[in-house]
Amino acid sequence: MTVSVQPLSLAFLCDPNSIHTRRWTGYLAGRGHRVTLVVGQTQTVNPGLPAGIEVERFVPYNHRRMHLLGALDARRSLRGILKRLNPDVLHAHYLTVHGWHAWISGFHPYAITVWGSDVIVEARETRRGHLYARLSLGSADLVTGTSDYLLAVSVAEGAKPERTRLIHFGVDSEQFRPGPDPVALRSRLGLEGRRIIFSPRTIAPLYHHETVIEALARLPGDVVVLMTRHLADAVELEALQAGASELGVRDRMILVDSVPHAEMPDYYRLADVVVSVADSDGGPITVVEALAAGRPIVATDLPSVREWQDVLDPAGLVPIADAPATARAIETLLSRSPAEREELARRGRQVVEERAGERANMERMETLYRQLAARRRKGA
């Protein structure tokens, strides 16, 4: 499908292997825009990049060199590529590293999409990180985020309020929707007759899977937890398995190697409850996907999560790393009648369609790109 007006040239500083940036840039390429990913010279680009996307290599800022020389090398490399590409807009996905490179390049207009930990945690860990965040956000022509909370943090870190916009990564509501029980998947995983808690976040300290395991030990024996080893922190995974063994629930901790994105809707449909108990989250796509699929959620009581759950199901909000509260919330959701679950699923999906539909959000983003490109042409 091509756009009815002149296509844009868009350059992205981003992780080329992230499913979120691949969906974002793939949508734009599918609309007929010229999309180029500008990635580090040694960055591996995995197979499966959406059609129509080009890749350019640059010399990234290298902290092992003297800081000034490293920054100058990155600036020179980026400027050469951007001069040749002459994009209408440069867009950095993730503030730390990618957003910093956008600022170092000196190119305008540039946009930054903040993701969560980049601006909530990483930008505040060191004085240098805090300075780079203020410079990058303060100079950005546009800053987008997936929650009001995330945008507020961005403003506190230097973004200009009038240049911030709420843009969701978006969910394909035709793909992520309520559906019949995925009997074949249930059989393949050997989960017939079990009630399933799906914990889809990466196994890493940030996501507190140990809390989920401790909660599991407090739940009836027919309840299991389903997790993925994909990108798991090896030390964290080993500790998690050891903890499950000590609590006597290792056989109820079900691990799969990975979940292909195309199969993710069926994994949500398999779940009786979806859990996401991170200690930091700027705008959890897991929550949005689960709501679109009609699944009840237990999630950490964080500002970005409250933006969804306060209006839908406050009973699913729990304190950070609180296993007893997490177990009680899961029990509450499991005990609901089919009619109650159906009504919650209907309301959750309605909210997702109103706020986070992929097409509507990407159309808004296209409009913002065009506004930035017009300003550039006018020399603003």
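Bear in mind these aren't lab numbers, they're just calculated from the coordinates by the rules spelled out. These numbers were taken from a predicted model, which means no experiment stands behind them. FYI the Cβ positions are ideal-geometry reconstructions off the backbone, even for glycines, and counts take in every protein chain you see.
How large is log10 I(q)/I(0) at q = 0.10, 0.12, 0.13, 0.15 Å⁻¹ when the Debye formula is applied to the Cα atoms of the chain, each weighted equally and without solvent?
These q points yield log10 I(q)/I(0) values of -0.68, -0.95, -1.09, -1.35.
If you wrap a convex hull around the C-alpha atoms of segment 113-182 and split its volume per residue, what is the figure in Å³?
So the per-residue Cα hull volume is 106 Å³.
Under unit Cβ charges (Lys, Arg +1; Asp, Glu -1), what dipole magnitude, rounded to 20 debye, does segment 183-355 have relative to its Cα centre?
Charge dipole, segment 183-355, about its Cα centre: 500 debye, nearest 20.
Could you tell me the calculated FRET efficiency between Arg346 and Arg84, based on Cβ-Cβ distance and R0 = 51 angstrom, to the nearest 0.05?
The computed FRET efficiency comes out at 0.50.
Just subtract the alpha-carbon distance of Ala51 and Leu69 from 0.36 nm times their residue separation and send over the number in nm, one decimal.
Extra length available between Ala51 and Leu69 comes to 2.9 nm.
State the antiparallel share, in %, of DSSP beta bridges confined to segment 38-144, rounding to the nearest 5.
0
Pick from Pro260, Pro200, Pro324: which is most flexible by mean-square fluctuation in a GNM of the chain where alpha carbon atoms under 10 Å apart are linked?
Pro260
Residues of segment 275-311 with the amide nitrogen closer than 16 Å to a label point 7 Å from the Cα of Asp233, along Cα-to-Cβ, please.
Label zone hits: 277-281.
Compare Gln241, Gln309, Gln41 in a GNM of the chain, Cα atoms joined below 10 Å, and give the one with the largest fluctuation.
Comparing Gln241, Gln309, Gln41 in the GNM, the peak value goes to Gln41.
Between Arg306 and Arg364, what length comes free when the chain is fully extended (0.36 nm per residue of separation minus the Cα-Cα distance, one decimal in nm)?
18.5 nm
Helix-only mean residue ellipticity at 222 nm, the chain, DSSP H runs n ≥ 4 weighted -39,500 (n - 2.57), per residue, nearest 500. What is it?
-13000 deg cm²/dmol
List the trypsin sites (Lys or Arg not before Pro) within segment 204-299 that fall in a DSSP loop (any state other than H, G, I, E or B) and whose Cβ has at most 13 other Cβ atoms within 10 Å.
Arg229
Please sort through the DSSP H helices of the chain and keep those with an alpha-carbon extent of at least 24 Å along the long axis and a Kyte-Doolittle average not below -0.5.
TM-like helix candidates: 67-85.
Would you mind getting me the FRET efficiency between Gln241 and Asp181? Use the beta-carbon distance for r and R0 = 22 Å, nearest 0.05.
0.20
With only Lys, Arg, Asp and Glu charged, each at its Cβ (+1 for the first two, -1 for the last two), find how big the charge dipole of the chain is about the Cα centre; round to the nearest 20 debye.
1860
With Rg and the Kirkwood Rh both taken from Cα atoms, where does Rg over Rh land for segment 271-380?
1.14
Give me the distance between the Cα centres of segment 221-266 and segment 1-48, rounded to whole Å.
Here the answer is 32 Å between Cα centres.
Any idea how far apart Ala339 and Asp148 come out in nm if each label point goes 7 Å out from Cα toward Cβ?
3.3
Of Leu185, Leu150, Leu312, which is the most mobile in a GNM of the chain whose springs link Cα atoms less than 10 angstrom apart?
Taking springs between Cα atoms under 10 Å, the residue moving most is Leu185.
The chain: longest stretch without exposed GluC sites (Glu not before Pro) (DSSP loop, at most 11 other Cβ within 10 Å), sites themselves excluded?
Answer - 193-380.
Put +1 on the Cβ of each Lys and Arg and -1 on the Cβ of each Asp and Glu in segment 117-176; which of Gly145, Leu135, Phe176 then has its Cα farthest toward the positive end of the dipole?
About the Cα centre, the residue reaching furthest to the positive side is Leu135.
Could you tell me which of Trp308, Val275, Pro265 has its Cα farthest along the dipole of segment 232-380 towards the positive end, charges placed at Cβ (Lys, Arg +1; Asp, Glu -1), taken about the Cα centre?
The residue sitting most towards the positive pole is Trp308.
Ratio of segment 79-203's C-alpha Rg to 2.2 N^0.38 Å, to two decimals?
Expressed relative to 2.2 N^0.38 Å, the Cα Rg reads 1.43.
Rounded if a/c is under 1.5, else prolate if a/b beats b/c, else oblate: with a ≥ b ≥ c from the C-alpha gyration tensor eigenvalues square-rooted, which is segment 183-355?
rounded
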